[in-house]
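Structure first, then comments.
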Amino acid sequence: MTTDDRETDALLATMLAPPERAGDRGFARGVERAIDARAAYARARSRFWRSFAFEALAVGALLAGLWLLSSAPLLAPLAGAAHWGLAPPLLLILLLWFGTQRWRQT
């Protein structure tokens with residue numbers, strides 16, 4: 001490399017270098033807040049689906065238990081011909097209880 005090439009390279013480097021300026025703190029804080037908000041939303045969403053799956057399994061187990069109880073010979077007069085005579089009112093009470101529990105937590 002000759003001296004002219006070095007000078008040309010130095011001149012080009014200074015001309016093409018990005019301007020020096022202070023960092024944008026506001027933008028950086030906004031990005032950090034957005035990242036934190038997205039992480040909090042992901043945690044809340046995960047917690048919701050876990051709770052929903054657990055409650056759905058619990059309701060399914062209670063429905064199966066109600067079905068088995070309503071088909072028992074001892075409870076047959078209460079169950080009626082369709083074997084579901086006892087289940088709907090108990091299921092309604094159960095669902096109302098689950099609903100009130102969800103509203104209390106929020």
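Each reported figure results from applying straightforward, stated rules to the coordinates on display, with no laboratory input. Predicted, not measured: the structure shown is a model, and the values here were computed from it. All Cβ positions, glycine included, derive from the backbone under ideal geometry; neighbour counts span all protein chains shown.
Full extension from residue 13 to residue 58: what is 0.36 nm times the residue separation minus their Cα-Cα distance, to one decimal in nm?
Extra length available between residue 13 and residue 58 comes to 9.4 nm.
Treat each spin label as a single point 7 Å out from the Cα along the C-beta direction, and report the residue 49 to residue 31 distance in nm.
Modelled inter-label distance: 2.8 nm.
So what J values fall out for the range 42-50 if you push phi through Karplus, 6.51 cos²θ - 1.76 cosθ + 1.60 with θ = phi - 60°, rounded to Hz, Gly and Pro as x?
5, 5, 5, 5, 4, 4, 4, 5, 5
Provide Rg and Dmax in Å for the range 1-45, with only Cα atoms included in the calculation.
My reading of the Cα-based Rg and Dmax gives 21.5, 64 Å.
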